[in-house]
Structures are given as structure tokens and as C-alpha cells.
1. Answer yes or no: is there a residue in region 80-93 that is acidic (Asp, Glu) and either at pLDDT below 75 or surrounded by 19 or more Cβ atoms within 10 Å (Cβ to Cβ) (or both).
2. Before we move on, is residue 105 modelled with pLDDT under 85, more than 21 Å from residue 2 (Cα to Cα) and either out of contact with any Pro (no Cβ under 6 Å at 6 or more places or on another chain) or charged (D, E, K, R) (or both)?
3. If you go through region 94-131, how many residues are crowded, with 17+ Cβ neighbours inside 10 Å, over 15 Å from the mean Cα position of the chain (by Cα) and of a type in the set (S, T, N, Q)?
4. Give all pairs with beta carbons closer than 8 Å in which a residue from region 27-45 that is closer than 17 Å to residue 83 by Cβ meets a residue that is not in a helix (DSSP H, G or I); count only pairs at least 6 apart in sequence or on separate chains.
5. When you check residue 120 against the structure, is it under 18 Å from residue 8 (Cβ atoms) and touching a helix residue (DSSP H, G or I) at 6+ places or on another chain (Cβ under 6 Å), yes or no?
6. Mind checking which residues of region 1-60 are in a loop (DSSP other than H, G, I, E, B), surrounded by 12 or more Cβ atoms within 10 Å (Cβ to Cβ) and either touching a strand residue (DSSP E or B) at 6+ places or on another chain (Cβ under 9 Å) or among the β-branched types (Val, Ile, Thr) (or both)?
7. Out of curiosity, is residue 118 in contact with a Ser or Thr (Cβ under 6 Å, 6 or more places away or on another chain), within 30 Å of residue 19 (Cα to Cα) and modelled with pLDDT of 90 or more?
Amino acid sequence: MRLSTRGHYGLKAMFDLAQHYGTEPIPLKSVAERQNLSEHYLEQLIARLRKAGLVKSVRGAQGGYILAREPGKITVGEIIRALEGPIAPVECVKEVDPKECDQADYCISRMVWARVRDSIAGVLDSISLADMCREAAKIHQTKSFDHNRGGWTLYDP
């Protein structure tokens, strides 16, 4: 199972909004620049996320986008499902409307794929945007930019 750029880039955009949660609405142009994403593509992703009730748009000169709920109440699983659809490594074990198969009652591989689906969904549903923000803060605390070397170095606080 491989996620498309929709899921990958959409999660990056939602993470960006989570990092700015509680401030003014964030213009998509700012998110696109910070996350190195196409603004046009980001507009398409945000439309899906808004339809799923994960983001809200604010119109006007100071307009932009905000999370519809606090970061701790939005999971990675919700974001991936909004952008990619139901989680499933194969059609016959989709979370919603699985494809019927005449061998479903005795198919051993179906059991394997169902367990894979449940494991993936369990991980995705256990990580919130707030968790991602906390992890990012930890990374930034243990790295510093070395201007002499022109790169990031780890340090032990």
C-alpha cells in the first residue's frame, strides 16, 4: 500500500496549520511556501479537507485557513481518509463498502490483509496533529544550525 501525494502533501499542510493553531488564519500561499508545495495543488487538497470538516476558511483581507478543531482532536487517520479514501491494502478489506468476493468466507489472505489494514489504521488513528507538533519541537530542541558548516548539527542539551 502506497499513499499518493494527496495524503503526503495534505498531511504536511495540516501539520503547518497545526503549528500555527490559535493565531490568525493562514493564507495558502504561506503554507505552500513553507512546505515547498504547489499552491494550486494545495487548493485542491484544502477543498477536500474542508469538505471533510477538518479545516475552515476565513474570507477577507486577513483571510486564510484554520483547523476546524484543536490539533489534539484531529488524527492523521482522519486526514488520510479525507484525502485518500478508506484505508485498505486490497479492495476486499476496505473500511467502507469492501468489494464482495465469492471466496471471502474461506480466503486466508483476506485475514492477513484485514490485519494489515487494522494495524495501519491503528497507527494512523493514534497520532494527532498535536503529537506531530510535539515531535517537531523535540527535533528543533536537539538540533542547531551551524553557520560555519552550512548545515544542521545535533547537540545534547
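The values are calculated or read from the model by the stated rules, or taken from the named source; none is laboratory data. Please read these numbers as outputs of a predicted model, since none were measured by experiment. Here the Cβ positions follow ideal geometry from the backbone for every residue, glycine too, while neighbour counts run over all protein chains shown.
1. No, region 80-93 contains no residue that is acidic (Asp, Glu) and either at pLDDT below 75 or surrounded by 19 or more Cβ atoms within 10 Å (Cβ to Cβ) (or both).
2. Against the criterion (modelled with pLDDT under 85, more than 21 Å from residue 2 (Cα to Cα) and either out of contact with any Pro (no Cβ under 6 Å at 6 or more places or on another chain) or charged (D, E, K, R) (or both)), residue 105 qualifies.
3. Residues meeting the conditions: 0.
4. Close Cβ pairs (under 8 Å, with a partner that is not in a helix (DSSP H, G or I)) amount to 28/64; 28/65; 31/37; 31/65; 32/38.
5. Considered against the rule, which asks whether it is under 18 Å from residue 8 (Cβ atoms) and touching a helix residue (DSSP H, G or I) at 6+ places or on another chain (Cβ under 6 Å), residue 120 comes out as no.
6. 20, 21, 25, 27, 54 - these are the residues of region 1-60 that are in a loop (DSSP other than H, G, I, E, B), surrounded by 12 or more Cβ atoms within 10 Å (Cβ to Cβ) and either touching a strand residue (DSSP E or B) at 6+ places or on another chain (Cβ under 9 Å) or among the β-branched types (Val, Ile, Thr) (or both).
7. no
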